[in-house]
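The values are calculated or read from the model by the stated rules, or taken from the named source; none is laboratory data. Quick caveat, the model's predicted, so the values are computed rather than measured. Virtual Cβ from ideal backbone geometry, glycine too; neighbours counted across all protein chains shown. Keep in mind that these areas ignore ligands, DNA and RNA; they rest on the heavy atoms of the full protein, side chains included. Shrake-Rupley method; radii C 1.70, N 1.55, O 1.52, S 1.80 Å.
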Amino acid sequence: MNSNSIKRVVIAGGGTAGWMAAAALSKTLGGVLDITLIESDEIGTVGVGEATIPTLVTFHRLLDINEQKFMAAVQGTFKLGIAFENWRDRGEDYIHSFGMTGQDHWTAGFQHFWMKGRERGLAGDFGDYCLELKAALESRFAHLPSGQINYAFHIDATLYAKFLRKFSEPLGVKRVEGKIVEVRTHSESGFIESVRLDSGQEIPGDLFLDCTGFRGLLVEQTLHAGYEDWSHWLPCDSAVAVQTESTGDAIPYTRSIARDSGWQWRIPLQHRVGNGMVYCSRYISDEQARTDLLANVEGRTLTEPRVIKFRPGQRRKHWIKNCIGVGLASGFIEPLESTSIHLIQRAVIRLLQMFPLTGIRQSDIDEFNQQTTTELQHIKDFIVLHYHVTRRRDTPFWRYCAGMEIPATLSHRIDLFRETGRVFRAPNELFAENSWIQVMLGQGIVPEQYHPVVNLMGDAELSRFLQGIKSTVDKTVAQLPKHQAYVEQYCKAMD
Ligand SMILES: Cc1cc2nc3c(=O)[nH]c(=O)nc-3n(C[C@H](O)[C@H](O)[C@H](O)COP(=O)(O)OP(=O)(O)OC[C@H]3O[C@@H](n4cnc5c(N)ncnc54)[C@H](O)[C@@H]3O)c2cc1C
């Protein structure tokens with residue numbers, strides 16, 4: 001145990017993780033900490049990571065970040081969910097939206113009422129009862145009073161890091177450009193004492209945040225935290241990314257299009273579109289993935305396609321000694337539900353909640369690692385669900401996904417929903433009931449029964465109930481402006 005007080009924080013890495021950590025630490029504890037961020041222009045950042053989830057809105061509120069300025073600076077657009085195309089089967093689509101669907105009864109979720117409505121021929125699509133989903137389909141968006149619309153952002157990742165740098169430096173963050181070539185540790189405790197740059201400069205610290213990306217220079221290469229590999233559940237291990245010109249108005253949702261050996265993303269920004277193919281290298285070569293991606297983008301390409309290799313999983317220890325892995329350095333599930341930036345934010349908030357100002361305690365380390373692992377395992381299950389529950393059997397990749405063994409926790413959720421229509425959210429889980437329901441229905445699970453409380457409503461009453469929700473959704477959506485027009489008026493980028 002180290003009883004030295006923690007004053008000098010060194011952030012190694014200036015990607016999204018490094019700068020989010022710098023922004024939150026300097027805003028919250030800048031007055032008592034001495035924060036240095038090291039980034040290497042020569043190495044650069046991973047350069048992807050442009051779709052977010054609604055928790056980023058909260059993160060920005062905590063930091064007092066002005067949304068209009070942020071959006072204009074990152075060429076941002078709004079995101080209401082993700083369209084999953086060809087996932088359940090070829091030619092079949094659904095949207096996982098950020099909204100609530102319908103109205104729950106305290107004993108039973110809305111899905112039970114909807115299921116009976118379907119059986120009786122009284123209900124439309126599940127998504128007809130969700131504001132965000134209908135708005136996404138009609139490409140409409142506006143802020144509504146009292147947070148009635150849940151949204152996230154599409155952002156340019158490079159511009160986001162620059163924006164956060166401008167935010168953090170006035171709050172005292174010292175930025176050092178240079179490549180870390182050596183990490184020095186204490187001969188007995190093994191704690192990191194300093195990092196040395198290629199210029200010869202040595203930067204000492206009390207606490208080190210490893211934000212160096214997949215390489216995990218401190219947490220793995222120096223402290224050997226270990227890695228838990230999840231590729232047997234998440235077979236995709238590669239991506240190829242390319243940017244293209246916009247060809248039309250920006251839509252307010254991410255597109256995820258299932259392909260023969262993986263899936264393709266499309267993320268609309270104000271000035272361009274981010275595209276990529278995530279794939280499993282056992283079933284398709286890098287060259288073929290690149291060709292398939294280029295055959296399936298719209299608009300002129302603005303960059304050379306770039307291949308990125310990854311290994312889905314997590315560090316066995318996210319916090320080890322006086323070093324915490326944040327961002328890709330702490331693991332990577334895969335980008336399907338845009339959860340990585342959220343996990344950066346969670347790591348930073350967790351650190352702030354248990355900041356070891358008077359010295360590092362093992363109990364803090366254990367708690368931090370336990371919370372992080374639980375959170376990651378939940379997200380992993382949710383993502384595995386998309387791959388496993390599919391009717392697709394048309395390629396070796398999809399046959400593998402459909403046949404693979406899945407975590408017992410996920411099996412249980414699927415069985416429970418299939419047999420009873422029920423979903424329960426454990427405390428601190430990221431994805432709420434409505435997310436699980438949208439994806440499980442979307443991927444083709446049909447529950448065998450609905451809750452008996454539904455039978456208290458006769459057909460006429462059930463029809464009025466469903467119709468009432470649908471017409472409120474329709475009326476609200478009809479009043480929203482087009483997303484493109486709203487972006488132009490609310491947060492148009494300067495160039
Ligand atoms: C294909 C793909 C798609 C993704 N899509 C999404 C998405 O849509 N949404 C989402 O939330 N997340 C997504 N992610 C994850 C997201 O990209 C990352 O979580 C995010 O960019 C944070 O990266 P990072 O800062 O941890 O690492 P990086 O961006 O790799 O930054 C590492 C930093 O460390 C520095 N560095 C490294 N070594 C040294 C050294 N020796 N000396 C000095 N500096 C060093 C680098 O210069 C850089 O500044 C995606 C990831 C991939 C691979």
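Would you kindly derive the ³J(HN,Hα) couplings of region 321-326 from the backbone phi angles with the Karplus curve 6.51 cos²θ - 1.76 cosθ + 1.60 (θ = phi - 60°), listing them in order in whole Hz, with x for Gly and Pro?
Rounded to whole hertz, the list is 6, 10, 9, 10, x, 10.
Can you spot the lysines whose alpha carbon is less than 24 Å from Lys162's alpha carbon? Ignore those fewer than 8 places along the same chain.
Once the sequence-local lysines are set aside, what remains near Lys162 is Lys27, Lys69, Lys79, Lys174, Lys179, Lys492.
Work out Dmax and Rg for region 10-124 from the C-alpha atoms and quote the Rg first, both in angstrom.
Expressed in Å, the Cα Rg and Dmax of region 10-124 come to 21.3, 65.
Enumerate by residue number the chymotrypsin sites (Phe, Trp or Tyr not before Pro) in region 420-495 meeting two conditions: DSSP loop (anything except H, G, I, E, B), and at most 15 other Cβ atoms within 10 Å of the site's Cβ. Display every interim value, and only then the final one.
Details: sites: Phe424, Phe431, Trp436, Tyr450, Phe465, Tyr486, Tyr490; in loops: Phe424, Phe431, Tyr450.
Those satisfying the criteria are Phe424.
In a Debye calculation with equal point scatterers on the alpha-carbon sites of the chain and no solvent, what is log10 I(q)/I(0) at q = 0.06, 0.07 Å⁻¹?
The Debye formula, applied to the Cα set alone, gives -0.29, -0.39.
Given R₀ = 56 Å, what would the calculated FRET efficiency be for Glu138 paired with Thr374, taking r from the Cβ atoms and rounding to 0.05? Before the final figure, lay out each step's value.
Details: r = 38 Å, r/R0 = 0.67.
It comes out at approximately 0.90.
HN-Hα J couplings of region 296-312 from phi, Karplus 6.51/-1.76/1.60, θ = phi - 60°, integer Hz, Gly and Pro as x?
10, 9, 10, x, 5, 6, 9, 9, 6, x, 10, 8, 10, 9, 8, 10, x
Count the net charge of all other residues whose Cβ sits under 11 Å from the Cβ of Arg196, scoring Lys and Arg as +1 and Asp and Glu as -1.
Details: positive: Lys179, Arg184; negative: Glu182, Glu193, Asp198, Glu202.
Cβ neighbours under 11 Å give a net charge of -2.
In cubic angstrom, how much convex hull volume per residue do the alpha carbon atoms of region 1-61 span?
Values: hull volume 7.9 nm³, N = 61.
Hull volume over Cα atoms, normalised by residue count, gives 130 Å³.
So what's the net charge close to Gln345: Lys and Arg +1, Asp and Glu -1, counting the other residues with Cβ under 14 Å from its Cβ?
On the way: positive: Lys27, Arg61, Arg346, Arg350; negative: Glu375.
Around Gln345, the surrounding residues sum to +3.
With N set to the residue count of region 416-464, report its C-alpha Rg divided by 2.2 N^0.38 Å to two decimal places. Don't skip to the end; give the middle numbers.
Working: Rg = 13.1 Å, N = 49, 2.2 N^0.38 = 9.7 Å.
Here the answer is 1.35, to two decimals.
Find how many whole Å separate the alpha carbon centroid of region 99-128 from the alpha carbon centroid of region 37-54.
Cα centres, region 37-54 to region 99-128: 41 Å.
If each DSSP helix of 4+ residues adds -39,500 (n - 2.57) and the sum is divided by the residues in the chain, what number results at 222 nm, nearest 500 deg cm²/dmol?
Rounded to the nearest 500, it is -10500 deg cm²/dmol.
Cα centroid distance between region 314-333 and region 429-478, in Å?
Their Cα centres are 39 Å away from one another.
Where in the chain are the DSSP H helices whose C-alpha atoms run 15 Å or more along the long axis and whose mean Kyte hydropathy is at least 0.0? Could the numbers behind the result be given before it?
Details: long enough: 16-29 (19 Å, 0.79); 157-168 (16 Å, 0.14); 340-353 (20 Å, 0.78); 362-388 (38 Å, -0.81); 408-420 (17 Å, -0.36); 459-479 (30 Å, -0.30).
Long hydrophobic helices here: 16-29, 157-168, 340-353.
How much accessible area per residue does the chain have, in Å², with a 1.4 Å probe? Display every interim value, and only then the final one.
Details: 20600 Å² over 495 residues.
The answer is 42 Å² per residue.
Considering only the chain, what is the antiparallel percent among its DSSP beta bridges, to the nearest 5?
Values: 50 of 70 bridges.
If we restrict to bridges inside the chain, about 70 percent are antiparallel.
Could you pull out every residue, at least 5 positions away or on a different chain, whose amide H is within less than 5 Å of the one on Glu220? Hs are placed 1.01 Å off N in the peptide plane, and Pro or chain starts have none.
Excluding prolines and chain starts, which carry no amide H, the hits are Ala225.
Aspartates and glutamates within cross-link reach of Lys134: Cα-Cα under 13 Å, excluding same-chain residues under 8 positions apart?
Within the straight-line limit of under 13 Å, Lys134 reaches these aspartates and glutamates: Asp125, Asp474.
Under a 5 Å amide H to amide H cut-off, with H placed in plane at 1.01 Å, what residues pair with Asp93 once short-range neighbours are removed?
Placed amide hydrogens put Asn86 under 5 Å from Asp93.
What is the distance in Å between the Cα centroid of region 174-244 and that of region 1-32?
What the calculation gives is 15 Å, centre to centre.
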